[in-house]
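I have placed the structure first, in the form of structure tokens, so that the comments after it can refer back to it.
Since every read-out is calculated from the coordinates, none of them should be taken as a lab result. In this text the structure is predicted, and so the values were computed from the model without any measurement. Reconstructed Cβ throughout: ideal geometry from the backbone, glycine too, with neighbour counts over all protein chains shown.
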Protein chains: 2
Amino acid sequence: MSAASQQERRREKRAQVQRTILDATETLLLEGVDSFSIRRLVERCGYTAPTIYHHFKDKEGLLDTLLDERFSRLGDKIRRIPQGDDPVSYLRAVALAFVRFGIRNPNHYQLLFVRDPDQAPPPTVDAARVQLETVWVELWDAGRLRTGDRESAAQSLWSLCHGLISGRIHRQDADWSKTLIEDSIDAMLRGLIAPPAKRTRRRKKDA
Amino acid sequence: MSAASQQERRREKRAQVQRTILDATETLLLEGVDSFSIRRLVERCGYTAPTIYHHFKDKEGLLDTLLDERFSRLGDKIRRIPQGDDPVSYLRAVALAFVRFGIRNPNHYQLLFVRDPDQAPPPTVDAARVQLETVWVELWDAGRLRTGDRESAAQSLWSLCHGLISGRIHRQDADWSKTLIEDSIDAMLRGLIAPPAKRTRRRKKDA
DNA sequence: GGACCACTGTAACGCCGTTAGATAGACTGA
DNA sequence: TCAGTCTATCTAACGGCGTTACAGTGGTCC
């Protein structure tokens, strides 16, 4: 067998070991952020600590890899939302997707957004953010933003989403209103964005 | 000297020791949530670990005591805000006070709202919440809430405040809009609450 | 065969929260 | 006054954590 195939096989083996470690990490994480520790991971995945440190920089690095994987799925999902005619319903859909994701993946969300401040968001999430940016610019140019500052409009919606998720995560017991997520996002959008000027020629389909 | 006075003196001594421990805790906490540990507190305050555990149940209990003190100040501040004529500007003032407090006391805020979900908020904060409740009821009865659910209106504003603070805490580096806090609270209130019905007899002073 | 390299293991280090048990001193009642 | 009790404090340890120095092992390459 050729040297190239040997190398190939080694790479595969390596990837497979890392996969095993990552999967065990994932499993452990699903039992709660606090359930995860390197020692427990060691018990669970069959490898010893130095092996894990051989494949990943440290605990942080291991979790980063996992989060990148998971959040890139969110990024894809958001990027696949059709932009359509109406920027407001587009923003609504994105915000809803984001909040639902955060609530469904509380442990991952916490790790990503509640850890060290110098932690950069994964590229796919950042890409989604950039994509949103253009929508806000569009609304600003159309004179539809009620805030004096374009930045503050985007950040307002983001802050609300973060608050919704983080409230749900940290106070699971509280009796949150069933319609809270939709209601609050709608209210925020109403408050931020004025309806389009009346004098547009063509009629819009109700999206 | 009387037995009563002896007891009194002992109580004072006890209170003073606890004060010392709490103050050292506070100092340590101001250096960051992560800077705080019982071992470091022990180095700092001159007492040994068992002494601390003699006066406080455990780490959690110690922090609880400190947070109760600190947050009761917030509760007082909020309860002192004049309710005035206009419920909207009252809600605005309360929300602003809350957010500013959170941003100014990030470590305390984190400890209180980001710890175990079963953690109850201190009584003074809860009192403030109850006081707010009446304002929402009033608005609801006047038919001014745009949400289908009274609960969701209150929770929307709260979620936003939480998001604003927690965003600031976890992404200090990000370039937050200077007007974000006011802008977003105003937007949320605009989106949640309709202007009062026109057919009121008396004119209002512009508050 | 020998040098190199990726991989994995043993055993330890220095943190952490917490506690069992001893000691000292002050108060209490006979 | 003296034994008994209670409070406050200490020394020393336990079990957990993330991490790493170091050794061994088994392949790959010259």
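Here are a few things to note about the model shown:
- The alpha carbon centroids of segment A:108-170 and segment A:70-93 are separated by 13 Å.
- P(r) of segment A:54-192 over all Cα-Cα pairs, binned every 10 Å from zero, in whole percent: 10, 39, 34, 13, 3, 0
- Cα-centre dipole for the protein assembly as shown with unit charges at Cβ (Lys and Arg positive, Asp and Glu negative), debye to 20: 1180 debye
- Annotation: lysines with alpha-carbon distance below 25 angstrom to B:K198 (same-chain offsets under eight excluded): A:K198.
- Over every Cα atom in segment B:1-56, the radius of gyration and the widest Cα-Cα span, Dmax, amount to 13.8, 47 Å.
- In chain B the longest region clear of trypsin sites (Lys or Arg not before Pro) that are loop-assigned by DSSP and have at most 13 other C-beta atoms within 10 Å covers B:81-177.
- With the charge dipole of the protein assembly as shown set up from +1 on Lys and Arg Cβ and -1 on Asp and Glu Cβ about the Cα centre, the Cα lying farthest toward the positive end among the listed residues A:A187, A:Y90, B:P196 is that of B:P196.
- Rounded to the nearest whole Hz, the Karplus-based 3J(HN,Hα) values (6.51 cos²θ - 1.76 cosθ + 1.60, θ = phi - 60°) of segment A:172-181 follow the sequence 5, 6, 3, 8, 5, 4, 5, 9, 4, 4, with x at glycine and proline.
- A Gaussian network model of chain A, with springs between Cα atoms under 10 Å, assigns the largest mean-square fluctuation among A:T27, A:T124, A:T179 to A:T179.
- Under-5 Å amide H pairs with A:I193, H placed in peptide plane, nonlocal only: A:R146
- With Cα atoms, 0 to 90° folded angle of helix B:59-79 axis to chain B main axis: 40 degrees
- Remark: for residue pairs B:K77/B:K178; A:K77/A:K178; B:K57/B:K178; B:K59/B:K178; A:K57/A:K77, the C-alpha separation exceeds 31 Å in B:K57/B:K178; B:K59/B:K178.
- Spin-label model distance (nm) - A:S89 vs B:E26, 7 Å beyond Cα toward Cβ: 5.5 nm
- Under the convention that each Lys and Arg Cβ holds +1 and each Asp and Glu Cβ holds -1, the size of the dipole of chain B around its Cα centre is about 800 debye.
- Rg ratio (alpha-carbon, reference 2.2 N^0.38 Å) - the protein assembly as shown: 1.18
- Cα-based helix-to-principal-axis angle, B:150-170 vs chain B, degrees rounded to 10: 50 degrees
- For A:R150 and A:D126, the difference between the fully extended length at 0.36 nm per residue and the C-alpha to C-alpha distance is 6.8 nm.
- Cβ neighbours within 10 Å from other chains - mean over B:191-197: 3
- Cα gyration tensor shape for segment A:5-111, rounded if a/c is under 1.5, else prolate or oblate: oblate
- Total formal charge among the other residues, if their Cβ is under 12 angstrom from that of B:Q18, Lys/Arg +1 and Asp/Glu -1: +1
- In degrees, nearest ten, helix A:123-141 long axis to first principal axis of chain A (Cα): 10 degrees
- For A:141-153, mean number of other protein chain Cβ atoms within 10 Å: 4
- Among B:S89, B:S177, sorting on how many other beta-carbon atoms sit within 10 Å of each Cβ, with the fewest leading, yields B:S89, B:S177.
- Of A:G61, A:G163, A:W136, farthest towards positive along the dipole that unit charges on Lys, Arg, Asp, Glu beta carbons give chain A: A:W136
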